[in-house]
Structures are given as C-alpha cells and as structure tokens.
Amino acid sequence: MVEGIETIALSSPEEDLRATFVPSAGMVCCSLRHCGEELLAERDGVRAYAERGSTMGIPLLHPWANRLSGFTYGAPPLVVELARGCPLITLDDNGLPIHGVVPGQIPWEVCEHEADQLRARMRWDRPALLAIFPFPHTLEFEAFMADATLTIETTLRTSSQLAVPVSFGYHPYFTIPGADRGGWQIDLPAMRSLVLDAQMIPTGSSEPIDYPRFELGGSSWDHAFAEVARPRFAVSAARRRIELEFLEGYAYAQVFSPSDESFICFEPMTAQTNALVSGIDLPIVAPGEEHRATFRISVAEEH
C-alpha cells in the first residue's frame, strides 16, 4: 500500500527493476525502482494525484493529454461544451482544462496480475464521464517487465456506434538519484518542434530539430514535438541511463523539465496538444476498430 491506498507491484525476473501501480488512482505507476533506487519523481504523492490530478510518477492522461485551448471541442453535429467548475476536470495556470479527468474518478478493474505482468480494463460508460467525453469506449492496459525494461501498452476500443477521437498520453517523471540535474545528459531524437503560443497551444507552425547529446544544466523545458524520426529519448547520469522508446501509436511528444525541479518528462502522446479542439492530425477510431499505443522504458548501468 501507498498512503493507505492499495497497490500492485511488478518486478523483472532478475528483480533489479520493480514497478508499482495504483488501480484506484488512474493506473498511475507511482514507483519505478532500479536496484532499490527510485527513478520517478513522487511530487505531491498518490492521493493528491487521485483526488486533484496533481501529476506524479507515470500517469495516464485521458481522454486528453496536456491542455485544451478552451471549454468547447468537437465539430458539428457533436460539439462538446465542458462545464466550467466541473470537479472532474483540472485546470492549468491559465484556467484551461488540462490532462483530462481527475484520475480517481476513472473506474479501472484488474483483470490479471502475475509477478511480471498486469492487465486491467476501464469502461468509459458512466454518465459523469460521458458528459465530459461523450464517446463510449474501453481502455485496456497492460504492463509487463522483462530484464530491466517496463513496457506499457494501452488499447482503446469503441463500445458503441460512435467513432472515438484518440488524444491520450503518458507523463513519466524521470529522475536520476544521487546526481544533480545540471549534469544530466539528454538524448533526443530528430523531430519537428511545434511552435506554441503564450498559453502553450500549438500555433500550426513547426521547424525541424536534431539536437546532439546535451547537458540539461539550468535550462527549462516545456516543448512540443511531432514527426519523431528515431523515437528514443534518454537521460543519463551517475552511471545510469533511463531510455524511453515509442514502439507504436504515439506520433507526438512533449519534453517537460522546469529549471527548478529535479525531473525530466519524455511524454508519449497519441495526438498533439489541443487536437480535440483543432482537429489537426487527430486519430479517430471507427466503430469496431481499435488504437493500440505502446512505449518501453529501459534502465541500464553505464560504464
């Protein structure tokens, strides 16, 4: 248990990597330990995440990742007006809806649990949830460990005759124990950098980037990317390397690391920020079809 909340733990066969998940808090991975050391920023903790959406660990952001530009999204004949003041929605510093529904309100059920594998299902069919995102569907979640890797697969399936827009993502908060963030070495793939406005919403413009390995130093990041060419992101320090690889279903990414915090986030996203509003490159799952999205985290000791 964590903070009095039931958890489920997985470990790799060699037990050098151990992950802990919280079904009642949106299936957040609240801990990822390598050789006994924590690799995730725990921030305000599990209860604050479940009740207020204060992100930590490796949270699933659903039904949209990052922020919307306002409280209205969709297109005729189905336009959604989010209720201002709705307790199921969190807001960013500009008062915009961010990161979907408060995770403690999302009904996950565990289907299977073994030492190195976890399967769970969520049915999006409650009236309060449909008022926010009126597209009945199910999410199937699978996490499994092998060697020093954690793979997370999420599959969205329709459960009515309505097509479902896909805009979820994850927000891993990586940290390197025993190493000052200023010295962390960062590897990013070749991508296109999305130009953002003052409210962190994509403007529609972009430019190619291809950074060589760099030191994080005192830089601050909240950058959006598209067209990830070699989908591997990594942070290295203190003879440890954490790598996140997009395997399928994620076309966009966000890199987030405020200069005064000891974490960096490499965020896999199925759609760009605000895609529910803009409609730009928004995946749509037709009735009877599915969208599968998978990423893998690998941890290694560097010599």
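Bear in mind these aren't lab numbers, they're just calculated from the coordinates by the rules spelled out. Small disclaimer: the values here were computed from a predicted structure and weren't measured. Virtual Cβ from ideal backbone geometry, glycine too; neighbours counted across all protein chains shown.
Taking a ≥ b ≥ c as the square roots of the eigenvalues of the Cα gyration tensor, the chain is classed as oblate, since a/c reaches at least 1.5 and a/b does not exceed b/c.
So which GluC sites (Glu not before Pro) in the range 219-303 pass both tests, a DSSP loop state and at most 12 other Cβ atoms within 10 Å of the Cβ? Display every interim value, and only then the final one.
Numbers: sites: E227, E243, E245, E248, E261, E289, E290, E301, E302; in loops: E227, E261, E289, E302.
Passing both the DSSP loop test and the Cβ count: E289, E302.
Under the rule of -39500 (n - 2.57) per DSSP H run of 4 or more residues, summed and divided by the residues of the chain, what mean residue ellipticity at 222 nm is obtained, to the nearest 500 deg cm²/dmol?
Working: 3 runs with 15 residues, N = 303.
It comes out at -1000 deg cm²/dmol, rounded to the nearest 500.
When only Cα pairs below 8 angstrom with a gap of at least 6 residues are kept, the range 8-301 shows a relative contact order of 19 percent.
Using θ = phi - 60° in the Karplus curve 6.51 cos²θ - 1.76 cosθ + 1.60, the 3J(HN,Hα) couplings for the range 78-94 round to 10, 10, 9, 10, 6, 6, 5, x, 4, x, 8, 10, 9, 10, 8, 5, 9 Hz; x is entered for Gly and Pro.
Dividing the Cα radius of gyration by the Kirkwood radius, what Rg/Rh value follows for the range 32-107?
Details: Rg = 14.9 Å, Rh = 13.8 Å.
Rg/Rh for the range 32-107 comes to 1.08.
The simple spin-label model puts a point 7 Å past each Cα toward its Cβ; for V79 and E248 those points are separated by 3.8 nm. What net charge is computed for the residues neighbouring M122, neighbours being all others with C-beta under 12 Å from the C-beta of M122, Lys and Arg scored +1, Asp and Glu -1? Neighbourhood net charge equals +2.
Estimated at 0.36 nm per residue, the fully extended path between A146 and S205 surpasses their Cα-Cα distance by 17.3 nm.
Taking the Cβ of S69 as the center, what net charge do the other residues with Cβ under 15 Å away carry, scoring Lys and Arg +1 and Asp and Glu -1? Show your work: numbers first, answer last.
Working: positive: R67, R84; negative: E81, D92, D93, D197.
Taking every other residue near S69 into account, the sum is -2.
Highest average first, the peptides 3-13, 178-188 ordered by how many other beta carbon atoms sit within 10 Å of their residues are 178-188, 3-13.
Over all directions, the average projected area of the alpha-carbon convex hull for the range 109-223 comes to how many nm²?
Numbers: hull surface 45.8 nm².
The Cα convex hull of the range 109-223, projected and averaged over all directions, gives 11.4 nm².
Relative contact order of the range 1-110: what whole-number percent is it, with Cα pairs under 8 angstrom and at least 6 residues apart? Write down the numbers at each step before the final one.
Details: 203 pairs, mean separation 26.3, N = 110.
So the answer I get is 24 percent.
If you add up the charges near I8, with Lys and Arg at +1 and Asp and Glu at -1, over every other residue whose beta carbon is less than 11 angstrom from its beta carbon, what do you get?
Values: positive: R119; negative: E6, E112, E114.
Residues near I8 contribute -2 overall.
Sequentially through the range 105-115, phi angles give Karplus couplings (6.51, -1.76, 1.60; θ = phi - 60°) of 9, 9, x, 8, 10, 7, 9, 7, 9, 10, 4 Hz, Gly and Pro residues having no value and appearing as x. With contacts taken as Cα pairs under 8 Å at a separation of at least 6 residues, the range 161-303 carries a relative contact order of 31 percent.
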